Each structure stands twice: as C-alpha cells, then as structure tokens.
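Visitor: Take a look at the following structure, please.
The values are calculated or read from the model by the stated rules, or taken from the named source; none is laboratory data. Quick caveat, the model's predicted, so the values are computed rather than measured. Cβ: placed from backbone, ideal geometry, glycine included. Neighbour counts: every protein chain shown.
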Amino acid sequence: MEHQIGLPFITEERLQEVEAELGFSLPSELRAYFKKENKFEAGEWQFHPIKDEQYIKRTWEDIVHVNSTDAEDYPDGFFRIAADGSGDELGYLLPDAETIILWDHEEQELFPVAPTLAAFMEQEQQLLDSAMQADEFFETVLETEAVYGLSKLKQSGWAYCPSNQEETDVLLFFSTEEGARACQTDGWENYHLIRLDLDVFRDGWLPNMIQDGLYCGLNWDASLQGLELNPENVLEELEG
C-alpha cells in the first residue's frame, strides 16, 4: 500500500519520549507504523506525525500537540491520530487500543470504522483502487462509446449484486469485454456478454435506473469489489 509521504522512521527512544509526554503507551499498531515511517497517509486521511526537529515545519502539528489542543471538544478518551481536512477525525477510544474510531464533526458522534489499523489501511486502499476502476470506466467508454455487461438472457437478467448501502441492487457495467468476462464465474458462467452503445446506456439505462432506485457498479473486479455509484452521478460524469 502506498501511503508514505517522505519522513524517516521514529526511533524507540523517541517513541518512549512521546509516550512520556502523553502519559500512556501508543497503541501497538500505530507504534509499529511510526517505526517504519513518520508522516504517512491513507486515502484522504493524513496521520498526525511525531515531532522531529530535523523536519520541524512538516511535523509541527504533531500527535502530542493535536491531542493537547481543544481536547474538551471531543469525548473523553478519544485519542486523535489522523484528520481528513473536513473536520472529521480518526482515532482510538482508549482504553481500547485496537478499534479505529471516526469522529463525525457534523453529527458530533463517534463511529467504529475498522477493527484494527491494518484493516482500516486495507479498506482505504480498496476505496482507492475502486475509484481508479471507476475513473478508468469513464475514460474508456467516452473513447470507445461502448459499455459491456453480463446478462442471463439476451434481453433480461442483468448481472447484479445486493447493495451494501441501501435496500436495493447494484447493476454491473464494464468498459471492456475482458473486464466483463473476468466476472463470468460463481453462477454467472453461462451469462451472455452484452455490448451497449454508450448513448443507449446514457440515455436509456441510467434514467431508468434513477427511476428504479438502483446503483451502478463500474469496472468491478473478479472478486466483486468496487464502488456503488448513484446513476445520477454517473450520468453527470458522462455528460460532463
């Protein structure tokens, strides 16, 4: 996973100094990351660094400073480790030093988002990969003016998955034949490869999906990982 943004690892001696300032031991996973690199990120999340005198300007908003500032604005025990620039914060609700917690600044509530830091990093990488898959879909179909999918029958039975977001379904579309064929597994082996002209997809399928409350899955991989996109947003992107 690519999340290093350039600062060297933190020594054990320095980690112990920081823990003395904080008054408690850093969570073990976070500690292990700092021993590999100091200032790192995952998706939109920038992790608060440990202050390093060699890189003082880049580590000024360090993890000790952040957690000693405006502490009264957050729930007791919430140890902040990252921010996304929107006002939301990521952290641990101590003494639980494993579960990753999101502070939603609009709702003023805490929500668990991952059982461990490693799991959170994997989730963010998957989101990044899925976003790249969607971007590739738009770029390719605007050039080729063709959209592909799988269908049980030539006129009906389009391949779909239940949504993880709403009580609805996600219809799958691909920018290449190869991408669609890669999903001809696990019950879809005998599904037909269907090609749609881009204008048919844009002017027919997407408006109908908006009306029916369905989602789009664009260029999902063979393990059926990808973003669930509102067809209104897909339509806007294609009409650009």
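Visitor: Only one of (1) out of contact with any Asp or Glu (no Cβ under 7 Å at 6 or more places or on another chain); (2) in the same structural domain as Leu235 (by TED's automatic domain parsing) fails for Glu124. Which number is that?
Guide: Condition not satisfied by Glu124: (2).
Visitor: Does region 68-82 include one or more residues that are among the polar types (S, T, N, Q) and touching a residue at least 24 places away in the same chain (Cβ under 8 Å)?
Guide: Scanning region 68-82 turns up no residue that is among the polar types (S, T, N, Q) and touching a residue at least 24 places away in the same chain (Cβ under 8 Å).
Visitor: So, in region 183-240, exactly how many residues are of a type in the set (S, T, N, Q) and either closer than 12 Å to Leu172 by Cβ or part of a helix (DSSP H, G or I) (or both)?
Guide: Count: 6.
Visitor: Could you tell me how many of the residues in region 186-239 are in contact (Cβ under 8 Å) with a residue 60 or more places away in the chain and among the small types (Gly, Ala, Ser)?
Guide: 1
Visitor: Condition check: over 21 Å from Leu172 (Cβ atoms), outside any strand (DSSP E or B) and not polar (S, T, N, Q). Does Glu139 satisfy that?
Guide: In short, no.
Visitor: Which residues, counting only those in region 142-179, are β-branched (Val, Ile, Thr) and either over 16 Å from Phe201 (Cβ atoms) or part of a strand (DSSP E or B) (or both)?
Guide: Val147, Thr168, Val170, listed by residue number.
Visitor: I'd like the full set of residues that are under 19 Å from the mean Cα position of the chain (by Cα) and surrounded by 15 or more Cβ atoms within 10 Å (Cβ to Cβ), limited to region 93-104.
Guide: Thr99, Ile100, Ile101, Leu102, Trp103
Visitor: Could you run through region 210-237 and say how many residues are surrounded by 13 or more Cβ atoms within 10 Å (Cβ to Cβ) and closer than 24 Å to Ala182 by Cα?
Guide: Of the residues in region 210-237, 17 are surrounded by 13 or more Cβ atoms within 10 Å (Cβ to Cβ) and closer than 24 Å to Ala182 by Cα.
Visitor: Considering only residues of region 183-216 that are touching a Ser or Thr at 6+ places or on another chain (Cβ under 9 Å) and of a type outside the set (Asp, Glu), which is nearest to Ala159 (Cα to Cα)?
Guide: The residue in question is Tyr191.
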